[in-house]
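Here's the structure we're looking at; comments come further down.
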């Protein structure tokens with residue numbers, strides 16, 4: 001699992017030690033918590049529209065909104081406002097707790113932008129947590 005251009009020069013294990021912001025890959029935890037806590041399903045409808053938490057107002061890529069969509073469609077299109085809206089409904093702490101139960105070991109701050117994957121995690125942590133979904 002060591003990567004790089006020359007193992008002889010650097011044995012730094014990028015899969016385990018290096019961390020990155022998972023971005024949209026983190027959204028699965030938001031949707032999973034909404035399914036678990038709110039009893040939602042992928043076919044439930046939600047409105048993709050502007051949303052703000054305080055002075056922070058995230059937008060979708062392309063700065064457009066789709067209106068009423070299914071959660072499955074919102075996830076497939078990687079819309080940003082929907083997981084932020086869901087995080088308001090579920091609370092951000094439960095989302096972080098679920099991500100840890102699913103395998104993320106990294107400690108990270110639970111901020112208002114958590115739903116968009118601003119936490120720093122390792123590749124191994126992310127892949128391990130996604131394995132839970134397959135089971």
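If you average the sequence gap of Cα pairs under 8 Å that are 6 or more apart and divide by the length of the range 19-126, what percent do you get for the contact order? Don't skip to the answer; put the middle values down first.
Numbers: 144 pairs, mean separation 44.6, N = 108.
Result for the range 19-126 is 41 percent.
For the ranges 67-75, 92-100, what's the packing order if you count other beta-carbon atoms within 10 Å of each residue, average per peptide, and put the highest first?
Values: 67-75: 16.1, 92-100: 18.8.
By packing density, highest mean first, the sequence is 92-100, 67-75.
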Stretched fully, the stretch from residue 24 through residue 61 gains (0.36 nm per residue minus C-alpha distance, one decimal, in nm) 12.2 nm
Along Cα→Cβ, 7 Å out, is where each label goes; now give me the distance between the ones at residue 93 and residue 16 in nm to one decimal. 3.3
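Of all alpha-carbon pairs in the chain, indicate the percentage at a distance above 22 angstrom. If you can, show how the numbers build up before the last one.
On the way: 3624 of 9045 pairs.
The answer is 40 percent, as a whole percent.
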Relative contact order of the range 88-132, pairs being alpha-carbon contacts under 8 Å that are 6 or more residues apart, as %: 46
Taking only DSSP H segments of four or more residues, each worth -39500 (n - 2.57), what value at 222 nm results for the chain once the sum is divided by all its residues, to the nearest 500 deg cm²/dmol? -11000 deg cm²/dmol
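FYI, it's all coordinate maths here, none of it is from the lab. Remember, predicted model here, so these are calculated numbers, not experimental data. No Cβ is skipped: glycine too gets one built from the backbone with ideal geometry, and neighbour counts run over all protein chains shown.
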